[in-house]
Amino acid sequence: MRGRAVRLPPLNALIGGVLIGTLLVVAGVGALWTPYDPLRLSFRSKLAAPSAAFWLGTDEFGRDVLSRLMAGAAASVWIAVLTVTLAVVVGTVVGLFSGYMRGWVDRVVMAFNDALLAFPGILLALGLLAVVGANKYGIILALGLAYTPSVARIVRGTVLSLREREFIAASRVMGNSEAFTMVRHILPNCVAPLTVLATSMFGYVLLAESALSFLGLGVPPPAPTWGNMLAGSRPYIGQAMWLGIFPGLCISLTLLGINLLGDAVRDKLDPRMRGTR
Amino acid sequence: MLRFALTRIVMAVPTLLIVAVSVFVLIRLIPGDPASLMLGDLATPASLADLRTRLGLDQSLPVQFAIWFGNLLRGDFGVSINSQEPILPLIVSRFWISAQIVLVAVLLASLAAVPAGVVAAWKQDASLDIGLVALATLLLSIPTFWLGLLLLLFFGLKLGWLPVVGYVSIGDDPWRGVLYLVMPVTTLFLHEIGVLLRMARASTLEVLRLDYITHARAKGLSETAVLWRHAFRNAFGPTWTLIGLVLGNLLGGIAVVETVFTIPGLGRLLVDSIFARDYPVIQGCLLFVALTYVLVNLVIDLCYPIFDPRVTAQ
Amino acid sequence: MSPTAPLLEVRDLTLAIRATDRTVVAGVGFAVSPGEIVGIVGESGSGKTLAARAVMGFVPPAVERLAGSILFDGEEITTMAPKRLRAVRGARVGMVFQEPMTSLNPSMTIGRQLEEGLALHRGLDAAGRRGLILEMLRRVGLADPVGALDAFPHQFSGGMRQRIMLASVMLLRPALLLADEPTTALDAVVQRDVMELMVDLIKENGTAVLLISHDLGMVARYCGRIVVMCRGEVVEQGRSDEILARPQHPYTRKLLAAMPLRGPVRAFAEGSTPIVAVRDLVVDYPGRQRFFARSEPKRALHGISLDVKAGEVVAVVGGSGSGKTTLGQAIAGLVEPGGGEILFEGKPIARRESGYRAYRLNCQMVFQDPYSSLDPRMTIGQLVGEPLRLVKDLDAAARRERVAEVLAEVGLTDGFAERYPHELSGGQRQRVAIARAVVRRPSFVIADEPVSALDVTVRAQVLALFLELQKKHGFSCLFISHDLGVVEQIADRVVVMNEGRIVEQGPRDVIFDAPRHAYTRKLLSAVPGLESTRDGGVRLFWRLAQATSP
């Protein structure tokens, strides 16, 4: 028998971690400092190709693309964090309540929940946006509520499956009240699945926000987001392709990072799916 | 089997009802008088009063819903504020444009991704598997609107092989119609390959561990027979369900691809209506897509026993 | 091949996990002659399943063969070309699995699954295949063989599926059958039927069997020779009766010592108030929810009455579906009774009744699955201490002291209190579950199959611990089990249940030696009994031999 050397994290976790770590750093820096003012117009340097002065070039108004990407990262990450928080908090409350009450309350709540799930997520968001209006907070509200039903469904499923576990029966035999059992035993055991869910939702939300901004229904210009930068690049894509390349690359790398991290977490939670290594 | 089918069909009814209620309530949440919202700026006092009676606005909310719902059942989705056209024919004509893109893309993606996923699972952890999974994850991570933009940049602008923007109906001019569809279909195709390949691989891995696979091998069957006769059919169920979800999600999210390629589909109709505050059309689009989604998933559900006869039990 | 040459000969087989180089099968050698039944016995992790599967060339991709040879009918399996190997599989060597729920393809009809092997290895026409299949299905005892052809596996019970599995394999009349725990997942009564069917079938066809099992009693009953494996090595092999009577290796002795033997008779005062009394208890499970109504409720318990006296261990036995688990849950208050009454020290215990509070504090439960009965996010110390939360007049220091004391009682001292359940073995977890049950010093403990999920030797240790604590603290116990051996060892009184009713109850020796009810007799005749001999061995006998074979 031979011991194994220091165990490296699997490659997907490593790459995913680096990508997401970089995103968070860039977003953090972008919120405080950017090389140029992302909103300052400069018609002398409009549509400039990447150079030493403007690393990633400038857009049709002469704004620095790098600065706008950094500010956009800050905006996107912030929106995604708030949206996921909203969906997770509301969804958890609904799911816990439904799973705790069971019986007809559960059936009614879940019937509504499932009917909302019958709208594809982005469609529900579009419908809500039509009501609340297309702006930063509208997007958070619309996306947050659009993703709430899936959180509620997963939390309720977790609660119901935990209820079947013998340690919940053990808690009841001890004489603990239902409410105590819920808070002490069920809620803490929902944290792990919720973390996994929140991570992958962060990816969905970032993508959805970019898509809505791309459609012109997200954060309104001139404030930069990756989505509205891409939308703005479309008329100039032939003459200034860096305008279309870099924002798309940022979104793709972020999603890649999230997907890789998600895979790594799933492999860890369910090692069967990997080889017996 | 009949009982299973009937149960599923009957179970879809409350879902459809709640969907209708949600859409009704959603639009009523907008502050302001529904009649003036529905008529827009062109409203005259006479037409307002007329619409108020037609919508039953002087009566209670449930009655209003009943009137609205009754109209829906008769195919009356209302009239667009902007074009003054009846909404249902408008939606249906736009729907076919979107649907052909989505259907062709998902069909091609399934044909490519499912066998690839099964083979990847069979070769688990070999370089073929790692390569396929890496490719799928990469494709999955590229948003369709950027992928479309890249295709447009490369094949449309740099190489000039394909028309850049616009749409020609296949009925009017089959050859040009197909040319205009190539890039949007390719965009969705590449993205969905990623989604479906990963699912097909995961569910095949799940099945390959089971005893009946070893049993099949223990009978002396060849690996090909084990994989396709025994593993594939049992592993395909989850992927089949996913195909239904993908169809619906694409229909809901196709607006971005239609925007990239300037295609007058259902997604664009919805987004333009949101810009124009054309509430009757928004309402109609939401309802129509949600209904389609529920129906597609119902059909998918009804076919499920082909892959797993156990679901008809009980 | 000469008549004395073995059919299968495994020599010096050594397998290791590729990534870690951990040896999982080390220098294993044994032989099987034509028509012989050989048993491989070992606990989990002994390598018995890996060694057996290697015979068919089924070594998982993560495992590599470091050394050794496997000769089947004079041919080397380990280096055989895949095509030749496939000709041997099914046609010459068949395999039966443990889990009847997953060993048949759920999306293929029984007929097609059975036909597959015939079509592949025997060149028969469709009508000929059909005839053979129908004959075999009738032979294994299916009531409607023609209907079974177009049926799917999920339409059959576990026992029936295992018969179909046997049919599928024996249809090809293999020379060797590998049976990996073929009846472990089945009820005792069904278990014996399936085993006897298997023995009959292999005798008719002259097939040899390699039977892999954790159950020494079962193996000894059916096998001429036994191979005992422990941690990847063969520690002892020889004739079954010799190994049972005169075990040589310490591990074999330990395994034999772990087999349950009848315990002493204990006396209880007559006429005292029972600590727990159950009167006409009825439990209904609600029917399935339909759209607007429910289907008929299903009655799980039909008026159960029983008493548990102070200090007494009352065992409830029965097959799956007998209602024994529901009975335990109802008495523990986990299931709402639909009728009848439960009394604790003479007082009714229903919510808002006088006895409720006292009962809640005095009744505890030990569950079957040590992987599910402990909250994974709590430390062992927190888990064991949790029941004390509801005990008044116990300050934090006293609680800590009590937890330490109880952990010491169950033999978990060195820093176990700080660990989490996933860091513990199955046996250790069940010790924690027992500690949690006794920490409040209850007067009544319900134990639902508390040792069924454990390996044989661990089971013996945990059972011994449980009995020791029962004697020390004198709590009464309702012990629910399907395992007659364990019941015979620990019960003072036995309650036999079938289909939601008590069919017979009485003192243990009366139930085991002079059962009156037909179901009890059937149950007892399914499982061999044990007697210890001198030399540290045991003797195996069928209970009620005269009753089953008139």
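The values are calculated or read from the model by the stated rules, or taken from the named source; none is laboratory data. Since this is a predicted model, take the numbers as computed values, not measurements. Positions of Cβ are backbone-derived with ideal geometry, glycine not excepted, and every protein chain shown enters the neighbour counts.
Here are a few things to note about the model shown:
- Looking only at residues in segment B:21-53 that are within 17 Å of residue A:116 (Cα to Cα) and touching a helix residue (DSSP H, G or I) at 6+ places or on another chain (Cβ under 6 Å), the one that is farthest from the other protein chains (Cβ to nearest Cβ) is B:24.
- Search result, residues across segment A:175-187 that are at the interface with another protein chain (Cβ under 7 Å from one of its Cβ atoms) and modelled with pLDDT of 90 or more: A:185
- Total residues in segment B:179-232, condition surrounded by fewer than 23 Cβ atoms within 10 Å (Cβ to Cβ), modelled with pLDDT of 90 or more and of a type in the set (Lys, Arg): 2
- Subset of segment C:204-214 [at negative phi and in contact (Cβ under 8 Å) with a residue 40 or more places away in the chain]: C:207, C:208, C:209, C:210, C:211, C:212, C:213, C:214
- Condition check for residue C:383: in contact with a helix residue (DSSP H, G or I) (Cβ under 9 Å, 6 or more places away or on another chain), at pLDDT below 90 and assigned by TED's automatic domain parsing to the domain that holds residue C:453: no
- Taking the listed residues A:159, A:155, A:191, the one that is at pLDDT below 90 and within 30 Å of residue C:380 (Cα to Cα) is A:191, with no other qualifying.
- When residues of segment B:74-116 are limited to those that are of a type outside the set (A, V, I, L, M, F, W, C) and part of a helix (DSSP H, G or I), the one surrounded by the most Cβ atoms within 10 Å (Cβ to Cβ): B:98
- Taking segment C:132-150 as the range and being surrounded by fewer than 17 Cβ atoms within 10 Å (Cβ to Cβ) and not in a helix (DSSP H, G or I) as the test, the residues that pass are C:141, C:143, C:144, C:150.
- Here residue B:3 qualifies as exposed (fewer than 14 other Cβ atoms within 10 Å of the Cβ), among the charged types (D, E, K, R), at pLDDT 80 or above and part of a helix (DSSP H, G or I).
- Subset of segment B:117-143 [more than 8 Å from every other protein chain (Cβ to nearest Cβ), more than 15 Å from residue B:203 (Cα to Cα) and assigned to a helix (DSSP H, G or I)]: B:127, B:128, B:130, B:131, B:132, B:134, B:135, B:136, B:139
- Filter pass, residue C:111 being outside any loop (DSSP other than H, G, I, E, B) and at positive phi: no
- Candidates C:376, C:450, C:442: the one that is farther than 27 Å from residue C:314 by Cα and not in a helix (DSSP H, G or I) is C:376.
- The residues of segment C:94-117 that are among the aliphatic types (A, V, I, L, M), at the interface with chain B (Cβ under 8 Å from one of its Cβ atoms) and within 15 Å of residue C:173 (Cβ to Cβ) amount to a single one, C:95.
- Qualifying residue in segment C:229-240 (condition: assigned by TED's automatic domain parsing to the domain that holds residue C:139 and touching a Leu at 6+ places or on another chain (Cβ under 7 Å)): no
- Picking from residues in segment C:9-48 that are more than 14 Å from chain A (Cβ to nearest Cβ) and polar (S, T, N, Q), the one that is surrounded by the fewest Cβ atoms within 10 Å (Cβ to Cβ) is C:44.
- Residue list for segment B:264-280, restricted to those being of a type in the set (A, V, I, L, M) and either under 20 Å from residue A:146 (Cα atoms) or at pLDDT 90 or above (or both): B:266, B:269, B:270, B:271, B:274
- Scope segment C:331-373; condition within 7 Å of chain A (Cβ to nearest Cβ), assigned to a loop (DSSP other than H, G, I, E, B) and among the charged types (D, E, K, R); matching residues: C:369
- Among the candidates C:306, C:301, the residue that is touching a Ser or Thr at 6+ places or on another chain (Cβ under 7 Å), in the same structural domain as residue C:533 (by TED's automatic domain parsing) and either modelled with pLDDT of 80 or more or not in a strand (DSSP E or B) (or both) is uniquely C:301.
- Residues that are without any contact (Cβ under 8 Å) to a residue 60 or more places away in the chain and within 20 Å of residue B:109 (Cβ to Cβ) were ranked within segment B:144-179; the one that is farthest from the other protein chains (Cβ to nearest Cβ) is B:178.
- Residue within segment C:172-194 that is more than 14 Å from chain B (Cβ to nearest Cβ) and over 21 Å from residue C:526 (Cβ atoms) present: no
- Just one residue in the set A:93, A:105, A:109, A:131 is at pLDDT 90 or above and either over 30 Å from residue B:32 (Cβ atoms) or not in a loop (DSSP other than H, G, I, E, B) (or both); that residue is A:93.
- Any hit, segment A:217-233, residues being at pLDDT below 85 and within 11 Å of another protein chain (Cβ to nearest Cβ): yes
- Of the listed requirements (1) more than 10 Å from chain B (Cβ to nearest Cβ); (2) within 23 Å of residue B:235 (Cα to Cα); (3) among the hydroxyl-bearing types (Ser, Thr, Tyr), residue C:79 misses just one: (2).
- Of all residues in segment C:26-49, those being part of a strand (DSSP E or B) and more than 22 Å from residue C:94 (Cβ to Cβ) number 3.
- Residues that are within 23 Å of the chain's Cα centre (by Cα) and either at positive phi or small (Gly, Ala, Ser) (or both) within segment B:57-115 comprise B:75, B:93, B:98, B:99, B:105, B:109, B:110, B:112, B:113, listed in sequence order.
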